[in-house]
Amino acid sequence: MPPAPPTTPKPKKGISLPGSPILWIGVLVIALAGGGYLLWKRSQSSAASSGGSDVTSADTTGYDQDAGELGTLQSEIGDLQSSDAQQGTATPAAPTVKVPNLVGNTTAGAVSTLFAVNLTPAGTRGVPGTNIVTATAPAAGTAVKPKSTVTISSKAPAKKAAPKKKAPAGKAA
């Protein structure tokens, strides 16, 4: 059999690009995404500059008047602030709570009282409800901020002495 004639590659139709077609598809996707992002940013900035509404130039007749009123209000606020500073007007003091007198109460009662006046108890020891409060820190009557910690000092109640047994009357020691 005679040998087959050599074949030459046929030229491809269209544009021939170097590299992988997947690479070029990726470049195209990135370019389209970037263009879409830029268009979105442009629409956002134009919406923000127009105040978020579709206002035509013919609809802005009251704009200058509104801007003037805003400037007047800002000026009046500044005047009030400067007059307060000149008069020495102090800002209102923060609310305070007075520490109640808890001496003589049980620790359980003292804890309940402190919670009732928006203070935080600390330092309670012993069997709850049996120890007697001897002092508080800060002392009773002191003005403190709400939720401040009040330390309770307490002691166990005095034990009652057992009655002494008397010797029977008929027996001599």
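Read the figures in this text as sums done on the coordinates, not as results from a lab. Bear in mind that the values here come from a model prediction, so they are computed numbers and not experimental data. All Cβ positions, even for glycine, are placed from backbone atoms using ideal geometry, and neighbour counts span all protein chains on display.
Table for the structure above
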| read-out | value |
| --- | --- |
| The range 137-146 - phi-based ³J(HN,Hα) in whole Hz, Karplus 6.51/-1.76/1.60, Gly and Pro as x | 10, x, 5, 4, x, 6, 7, 10, 6, x |
| FRET efficiency for residue 140 and residue 93, using Cβ-Cβ distance with R0 set to 25 Å, rounded to 0.05 | 0.75 |
| Considering only the range 97-155, percent of DSSP beta bridges that pair antiparallel, nearest 5 | 75 |
| Residue 120 long-range amide H proximity, modeled H, under 5 Å | 147, 148, 149, 150 |
